[in-house]
Structure formats: C-alpha cells, structure tokens
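Colleague: Structure provided below as structure tokens; questions to follow.
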Amino acid sequence: MALPFDPGEVMWRYWSEHYQDRSRARAALVHLYYLLRPGIPRAVQIRLRQAFTRVQEQVVFPAFPVETALHDFHEWMFDLVTKFAARPVPWLDLWPGGHGWALVLTHDVETAAGLAGIEHLRDIERTAGAGQPSSWNFVPLRYPTPDRVPAALRAEGCEIGVHGLRHDGRDLGSLRLLRRRLPAIRAYAEKWQAAGFRAPATQRTWEWMPELGFAYDSSYHDTAPYEPKPGGTGSYLPYFIGSPGRPGDMVELPITLPMDHTLFAILRHPDATLWLDKAAHLRDRGGMALILTHPDYAGDPRVTDGYRQLLDKFHDDPTVWRALPGEVAAWWQRRARSTAVPSLTGWSVEGPAAVDGTVRISKPGVPALTPKQA
C-alpha cells in the first residue's frame, strides 16, 4: 500500500505547529509584547487581551474548544490499515492497566501570591477526586521558594516542575539566551527533583525544547487560539518532540483543557461548564485531560468551584487513570519501546510495558481509539 503523502510528516506538522505562519515578523511581534508587558498595568493587559479575542475568534483552525482533525486522521489511518490487512490488527493500548483515559492535574505558581495560595487548590485535591496528587511548577528567580514547600508537596505524592527561570517570556526568546540560562534552570531542576518543564505563558520553539534536558515538556496546547502565542497541536495524546520520522526522547504532554485565566478572565465564562464538557469529550475519545490552574487566581470562586466540580464529576469513574505528568511521560516512553507479539492465548506485550500494557485489536469500520469501557 502506497500513500501520496507521509503520514508521519502530517502528524509532525500538527504536533510541532509547523502549519503556522513562522515569519520573522510574527516572532518579532511576540518578542515585542513580552518586552513591553512588564510596563503595562495588569488590568490593562487583561482588557487588551479581552478586546483581542474578537480577532482571535475568527481563526478557523484549530477550532476551540475542541479540534478533532488530527485524531480523525488517526482513526482514518487505523481503518485504512485494517482494510488493507483484511483482518484485525493488534496494537498497544494507549493507557496502562486497561484504563480508558487519563486525568492529569498541573499548576503553575507564577508569583509570591500564588506560592501563598497553594493550599487553596491542594485542599480541593485532598477532599475531592479521590485525593489525586498533582504537579506544581515553580519559577526559581521570580520569588523565593522555601525548601519546605516542594518537600511537603513531594511528601504527599505530588510532583515538582520548573516554570522558566524568571517568568519574563525570554527563556526561549533566542537560542543564545536559552543556553545562557540553561545551567541555572538545570540546577533548580536537580534541587527540586523536577522531571518536567513548562515555559512561562507557554512560549515555545519546537527545535529548542530538547535542549532543556527534561524528561517531558508541557508548553503546548491541543487548541489555544486565545493565548499570547496562539496555536495548537490538535493532539489530546502525548507525543515525542523530534523531526519527521525521527522522534526524540522528550515527551510532550499538551494542555488539553483551557487554562483557568483564559477561560474566566479573558473569555469571561461564568462557570466551569466548558471544562466539564471537554473533559467528558476527552474521556469518550480515550484522550488525556490535562488541566493547568494557578493558585495565583484561586481567589476567583469560578476557579476553585470549577476545579472542585471537575474532580467531583469523575470521582467515581473506574475508567480514568489519575496520573502525574511524570508518570504519563514514563509510560509513553515504555509504550514506545514495547510491541504486541503473538502468544498461545492471542496477543501479549513484549518490552518494558509488559507489566501493565494491554493489546487492543482494531477491526475495519470500528473506531480504533474509542475506549473499550465506553
């Protein structure tokens, strides 16, 4: 079977956002915004972004809040392969232990006020959603982080990540500056035992991300037309950062639920209905619902009430894998190094995912990615 295009390159262009306008003019405008932002009052910044949504909402792709093009392509490819094979095709399931989807909780602590407000969100996690642990990303040089804070979170089973160096939007402003800052970023990663990175304001440059040296990054979105750097990968599954046909070692964990600040402050939604509806959509399609909230905004009852509703809604869902981002990245690595092999009883998993991986069977005309439990 020969296709007139490379499916791997199609997926890479989604994942890397290389379908976008990558002109120097656009990059210069983004750089100028972050250069001027410190001198613009916060209330003015928000009003400007609210006004600009009228322009951003005209964007056709990626659709918001759900963009299905990439995963529709995955389904089409599965169906094509099974029809060509003229028999069921085995493949390694998306999630370990037979889970149907994943729910991942992450937080960015942007200011000293956010540091002081950690308990507002952590208390919700302790009392709702089966006490699920979460990831907390700190900014090393914007405010002091006492050692006891990350230590206490790790003691509860949470994970620590690095959220840039100063939260000034310049970590990935140029490759030279990135390399100048990298030793300090890596030093704090080692100090905090951090496996993951998230760029401030999710600034990102595909070719530079592996230089950070983390096991995973979480600076991309599945769809984000309303962010300072708009875009979207179309993916609600993890993937590897690399070049077409040559995946790298760094796992990307895209943010798949709108950020709290975008949802409530910029788009001015009155409640968490969009969070709940999209999480249900991701569950039904076997995806990863990765949410980013900020203790800095926990004074807004829409954030705290909505977060509690989200965790409560899926509290009793037996199909969900409640995982830390580091656990998801480690699983995706193990899955990539494993294969489905024939056995006396049918099919089994060979490789590092043999302990908790399972084999799915795709059949022509049957959606491959729909969870078995759905």
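Colleague: Can you confirm whether the stretch 177-195 contains a residue that is open to solvent by 20 Å² or more (accessible area, probe 1.4 Å), closer than 17 Å to Leu290 by Cβ and modelled with pLDDT under 95?
Modeller: The answer is yes; a qualifying residue exists.
Colleague: Considering only residues that are of a type in the set (Gly, Ala, Ser) and either modelled with pLDDT under 95 or open to solvent by 20 Å² or more (accessible area, probe 1.4 Å) (or both), which ones fall in the stretch 130-176?
Modeller: Matches in the stretch 130-176: Ala130, Gly131, Ala151, Ala152, Ala155, Gly157, Gly169, Gly173, Ser174.
Colleague: May I ask you to list the residues in the stretch 187-212 that are assigned to a helix (DSSP H, G or I) and at positive phi?
Modeller: Residues satisfying the conditions are Ala201, Thr202.
Colleague: Still on this model: Test Asp305 against the criterion of being touching a helix residue (DSSP H, G or I) at 6+ places or on another chain (Cβ under 8 Å) and either surrounded by fewer than 22 Cβ atoms within 10 Å (Cβ to Cβ) or at pLDDT 95 or above (or both), and give yes or no.
Modeller: no
Colleague: Residues in the stretch 4-22: is at least one of a type in the set (Val, Ile, Thr) and either touching a strand residue (DSSP E or B) at 6+ places or on another chain (Cβ under 9 Å) or modelled with pLDDT under 85 (or both)?
Modeller: Scanning the stretch 4-22, I find no residue that is of a type in the set (Val, Ile, Thr) and either touching a strand residue (DSSP E or B) at 6+ places or on another chain (Cβ under 9 Å) or modelled with pLDDT under 85 (or both), so the answer is no.
Colleague: Still on this model: Looking at Thr68, Thr127, Thr82, Thr106, which one is polar (S, T, N, Q) and more than 22 Å from Lys313 (Cβ to Cβ)?
Modeller: Step by step, each of Thr68, Thr127, Thr82, Thr106 is checked, and only Thr82 is polar (S, T, N, Q) and more than 22 Å from Lys313 (Cβ to Cβ).
Colleague: Could I ask something else about it? State all residues of the stretch 159-182 that are closer than 24 Å to Ala329 by Cα, of a type in the set (Gly, Ala, Ser) and in a loop (DSSP other than H, G, I, E, B); if no residue qualifies, say none.
Modeller: Hit for the stretch 159-182 is Gly164, nothing else.
Colleague: Taking Arg337 as the residue in question, decide whether it is touching a residue at least 24 places away in the same chain (Cβ under 8 Å) and not hydrophobic (A, V, I, L, M, F, W, C).
Modeller: No: the conditions fail for Arg337.
Colleague: I've got another one for you. Please go through the stretch 65-102 and pick out each residue that is touching a Phe, Trp or Tyr at 6+ places or on another chain (Cβ under 6 Å) and open to solvent by less than 30 Å² (accessible area, probe 1.4 Å).
Modeller: Of everything in the stretch 65-102, those that are touching a Phe, Trp or Tyr at 6+ places or on another chain (Cβ under 6 Å) and open to solvent by less than 30 Å² (accessible area, probe 1.4 Å) turn out to be Leu70, Trp95, Pro96, Ala102.
Colleague: Return yes or no: is Met288 touching a strand residue (DSSP E or B) at 6+ places or on another chain (Cβ under 6 Å), surrounded by fewer than 23 Cβ atoms within 10 Å (Cβ to Cβ) and at pLDDT 95 or above?
Modeller: No; evaluated as a whole, the condition is false for this residue.
Colleague: Can you confirm whether Glu125 is part of a helix (DSSP H, G or I), closer than 23 Å to Gly306 by Cα, touching a Ser or Thr at 6+ places or on another chain (Cβ under 7 Å) and among the charged types (D, E, K, R)?
Modeller: Yes, satisfied.
Colleague: What are the pairs with Cβ atoms under 6 angstrom where one residue, in the stretch 70-96, is more than 19 Å from Ala336 (Cα to Cα) and the other, located anywhere, is of a type outside the set (Phe, Trp, Tyr) and not in a loop (DSSP other than H, G, I, E, B)? Sequence gap at least six, or different chains.
Modeller: Val81/Val89; Thr82/Val89; Thr82/Ser362; Pro88/Ile361
Colleague: A further question follows. Taking Glu227 and the conditions (1) within 16 Å of the chain's Cα centre (by Cα); (2) modelled with pLDDT under 95; (3) outside any loop (DSSP other than H, G, I, E, B), which numbered condition does it fall short on, given that it satisfies the others?
Modeller: All conditions are met except number (3).
Colleague: Now a separate question. List every residue pair whose Cβ atoms lie under 9 Å apart, where the two residues are 6 or more positions apart in sequence or sit on different chains, the first residue falls within the stretch 237-250 and is among the polar types (S, T, N, Q) and outside any loop (DSSP other than H, G, I, E, B), and the second residue, located anywhere, is at pLDDT 90 or above and open to solvent by 60 Å² or more (accessible area, probe 1.4 Å).
Modeller: As it stands, the answer is Ser243/Glu207, since those pairs meet every condition given.
Colleague: If I go through the stretch 324-374 residue by residue, how many of them are open to solvent by 30 Å² or more (accessible area, probe 1.4 Å), out of contact with any Lys or Arg (no Cβ under 6 Å at 6 or more places or on another chain) and under 30 Å from Ala194 (Cα atoms)?
Modeller: Looking only at that region, the number is 13.
Colleague: Quick check: is even one residue across the stretch 318-325 charged (D, E, K, R) and either part of a helix (DSSP H, G or I) or modelled with pLDDT under 95 (or both)?
Modeller: Scanning the stretch 318-325 turns up no residue that is charged (D, E, K, R) and either part of a helix (DSSP H, G or I) or modelled with pLDDT under 95 (or both).
Colleague: Consider Ala265 carefully, then state whether it is modelled with pLDDT under 95, outside any loop (DSSP other than H, G, I, E, B), aliphatic (A, V, I, L, M) and buried (at least 17 other Cβ atoms within 10 Å of the Cβ).
Modeller: yes
The values are calculated or read from the model by the stated rules, or taken from the named source; none is laboratory data. On a predicted model such as this, the values are computed, not experimentally measured, just so you know. Positions of Cβ are backbone-derived with ideal geometry, glycine not excepted, and every protein chain shown enters the neighbour counts. These area figures cover heavy atoms from the full protein model, side chains too; ligands, DNA and RNA do not enter into them. Shrake-Rupley method; radii C 1.70, N 1.55, O 1.52, S 1.80 Å.
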